[in-house]
1. Take the conditions over 16 Å from the mean Cα position of the chain (by Cα), free of Cβ contacts under 8 Å to residues at least 12 places away in the same chain and more than 20 Å from N188 (Cα to Cα) and apply them to D93. Does it pass?
2. What number of residues in segment 106-141 are over 21 Å from G217 (Cα atoms), in contact with a strand residue (DSSP E or B) (Cβ under 8 Å, 6 or more places away or on another chain), among the charged types (D, E, K, R) and not in a strand (DSSP E or B)?
3. Would you tally the residues in segment 122-163 being in contact with a Gly (Cβ under 8 Å, 6 or more places away or on another chain) and of a type in the set (V, I, T)?
4. In segment 189-223, what count of residues is obtained for those that are in contact (Cβ under 8 Å) with a residue 60 or more places away in the chain and loosely packed, with under 12 Cβ neighbours inside 10 Å?
5. Which number in (1) without any contact (Cβ under 8 Å) to a residue 40 or more places away in the chain; (2) touching a strand residue (DSSP E or B) at 6+ places or on another chain (Cβ under 7 Å); (3) farther than 24 Å from I8 by Cα; (4) surrounded by fewer than 22 Cβ atoms within 10 Å (Cβ to Cβ) marks the one condition that V87 misses?
6. Can you name the residue in segment 1-56 that is without any contact (Cβ under 8 Å) to a residue 12 or more places away in the chain and assigned to a loop (DSSP other than H, G, I, E, B) and, of all such residues, is nearest to S79 (Cα to Cα)?
7. All but one of (1) exposed (fewer than 14 other Cβ atoms within 10 Å of the Cβ); (2) over 29 Å from A228 (Cα atoms); (3) in contact (Cβ under 8 Å) with a residue 12 or more places away in the chain hold for R82; which doesn't?
8. Whether any residue in segment 148-159 is in contact with a Lys or Arg (Cβ under 7 Å, 6 or more places away or on another chain), more than 22 Å from D107 (Cα to Cα) and not assigned by TED's automatic domain parsing to the domain that holds R189 is what I want to check.
Amino acid sequence: MEERLQKILSHAGVASRRKAEELILSGRVTVDGEAVQELGVKLDPMAHTIAVDGKPLSGAEEHRTFLFNKPRGCVSTVSDDRGRRTVLDFFRDIPLRLYPVGRLDADTEGLLLLTNDGVLTQGLLHPRFEVDKTYLAKVTGDMTEAKLRYLADGVLLEDGRTAPARARILEKSPKGATVELTIHEGRNRQVRRMLAAVGCKVTQLERIRFGGLTLAGVARGSYRELTAQELTSLWRIAGGQECRSL
């Protein structure tokens, strides 16, 4: 059966659909030895040899997903042109082409998923499925109940109003507060910008929950593989079979 090339790459676990498109446009994907740089190409993967960077696709590659407790100071990319440590540096003993599910900025700690399942990644990040992500933010500034309501209703940022969030104060002192904030969007540095919009500066940020997953039992800088039950739950919140047709 013929499918779009980027969908074939995604289903093979090479990358998310968006990243697969970038690989095609950059000329890194070949079909029967010839580079293909058109996104609309459809073909039957059983009838052609498809390769990325010269490496043929392994259609039977086992999909695996890991929960990583990201430390501060490393970046959520597969490589970095500035020579910074990346999250993949912690997975050198895993002989798979893993990709982060979304990103945490370098100064943010906490829960990050890595997988070689491009379809699962696509579903978890698709705005249609509104997958919750919960953060703990230590802030300076006066955090009030009125500001919490503003966060809950949606904050007007330079790239538009955010979706409603869930927010509560866990601790408060004269110098600041610890705030728990749950969102389902994935804009760049969104939590920091939302809190800045209500006059609070983030001094420490940690993601503590993604979907129903938490950091329980995973030390900073360590990871564990997800169980079959956890993967089933992830597929459910990521749209299940609907996710596979995105």
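1. Here the answer is yes, as D93 does meet what is asked.
2. Selection size over segment 106-141: 2.
3. The qualifying residues number 4.
4. Matching residues across segment 189-223 total 1.
5. Answer for V87: the failing condition is (4).
6. Residue satisfying both the conditions and the ranking: S26.
7. Of (1) exposed (fewer than 14 other Cβ atoms within 10 Å of the Cβ); (2) over 29 Å from A228 (Cα atoms); (3) in contact (Cβ under 8 Å) with a residue 12 or more places away in the chain, only one is false for R82: (3).
8. No.
The values are calculated or read from the model by the stated rules, or taken from the named source; none is laboratory data. These numbers come from a predicted model, not from an experiment. Because the Cβ atoms are built from the backbone with ideal geometry, glycine has one as well, and the counts that use them run over all protein chains shown.
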